[in-house]
1. Please find the FRET efficiency linking R67 to A89, where r is the Cβ-Cβ separation and R0 is fixed at 25 Å, and quote it to the nearest 0.05.
2. How many nm separate the modelled label positions at F176 and T404, each set 7 Å beyond the Cα in the direction of the Cβ?
3. In whole angstrom, how far apart do the alpha carbon centroids of region 136-210 and region 1-59 sit?
4. Principal axis extents for the chain, Cα atoms only, whole Å, descending order, please.
5. Specify whether the C-alpha gyration tensor of region 140-181 places it in the rounded, prolate or oblate class, a ≥ b ≥ c being the square roots of the eigenvalues: rounded for a/c under 1.5, otherwise prolate if a/b is larger than b/c and oblate if not.
6. Using the heavy atoms of the protein chains and a 1.4 angstrom probe, tell me the accessible area per residue for the chain in square angstrom.
7. Cα atoms only: what Rg and Dmax, in Å, come out for region 287-413?
8. If packing is taken as the average count of other Cβ atoms within 10 Å, what order do 331-338, 48-55 fall into, highest mean first?
Amino acid sequence: MRVRYFLAFWLFVLSGVAFLDRTNISIAGLQISNEYGLGNQRLGWIFSAFLIGYAGFQLPAGWLSARFGPRRVLTIGVMSWGVATAFTALLPSNIPYAVVLLIGIRFILGAGESVIYPAANQFVARWVPLQERGFINGLIFAGVGAGSGLTPPMLTWLITHHGWRAAFWFSALVGFAAGTVWWILARDTPEEHPGMMPEELKEIRDGLSFVGTNPVSSPPPSAENASGHTVISWRAILHRRDLPALMLGYFSFGYVAWIFFSWFFLYMTQVRGFDLRSSAQYAMLPFLSMTVCCLVGGALSDRLTGKYGLRVGRCGLAAVAMVLSAISLVLGSQVQSPELAGIVLAVGAGALYLSQSSFWSVSVDIAGRSSGVFSSMVNMGGQIGGALTASLTPWIAQRYGWTTSFSVSALLAIVGAICWMTVHPEHPLDEELTAA
């Protein structure tokens, strides 16, 4: 096995652990709400606190990943979110101001998890040839669906037999173990890895440039100083015209995705009338769909890019995927059968994740070795969208019904599709620097 494939697989594992830690509270939400007397609105504040911390620390996370490398930054991040998860389990039942403490803990968890995808994208920029970036990003983000999909049945069993705190202890221990393995096996660059063979090193170096329908040059909009650290061209990044479009597109993506991460389990219980066990089973479907479609979308993106160029392979695929997601969200929220609703909404979640790899691959295509910073800005938009979902969705549902909540998310998915049509990954930042 190539070293880069194993490390990409372990990023898939870490991605799964990250979503185990961030979605466990939605599975335990009913028990936590009852124990501390919260209700859906204050539970939504707690959900939002994670995403505010996550979004607020995206830019520092991207800078740290570029400055110190994905190995150290990601290891520290994983350990910090394991500590925050453990503190949740330690919170006593009768403690005053529990909602304030839970908001603070989830904010810290979000800040710790902010490093996961900027660091992963920095790894992709340094380790992965352009013609493999779609699939590798698809693999990494398949961990989102895998972690979230395994969470409902696994944690439901733990909560049923041992209480909700056992689910948080389990999540923390898994995180500590996965972070330790990453520290031992990962390196910041291919040249540093003791298991790197000359043949694979040549594959990586040769593959950092790609010649297809739309030629792309790989030199990044950055250089390395005397100490070997990446120097980032902030001016080139901030003047990039399609950066706001990607941020708005990922805002739309995040808004839709976090309906599933935050509220789908409770929606199936409270609105569609499933019991706890049946809700856990149906709550798996969107995340299994995300896992499969994330891998399919990544592989399809690489194939289309090789045949038709980056505009089709990244932008065209993502735009079509978000339109399909919008259609499924509207249909799924209106069907009468609870079982059919769960299936159709799961199709919408999967369609959305056909576009996931494109957001991250296009960040590397555009920004090269500065992709940690560039992608952190894009990701910030997604997490702001998710934070808005966590609090706005129950408010809309309470006043106008859940069908309206899903219709709003469908409208935003259409906005995201339109944004994709203004993105131009075939013109990387280094071209602009050369022209300047």
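The values are calculated or read from the model by the stated rules, or taken from the named source; none is laboratory data. These numbers were taken from a predicted model, which means no experiment stands behind them. When we count neighbours, we look across all protein chains shown, and the Cβ atoms used for this are built from the backbone with ideal geometry, even at glycine. Side chains included, ligands, DNA and RNA excluded: accessible areas come from the protein's heavy atoms. Shrake-Rupley method; radii C 1.70, N 1.55, O 1.52, S 1.80 Å.
1. Values: r = 33 Å, r/R0 = 1.32.
That pair, R67 with A89, gives E of 0.15.
2. Result: 4.7 nm between the two label points.
3. 14
4. 58, 42, 38
5. Here region 140-181 falls in the oblate category.
6. Working: 16120 Å² over 436 residues.
Averaged over the residues of the chain, the accessible area is 37 Å².
7. Calculated on Cα positions, Rg and Dmax stand at 16.0, 50 Å.
8. Those peptides, ordered most packed to least, come out 48-55, 331-338.
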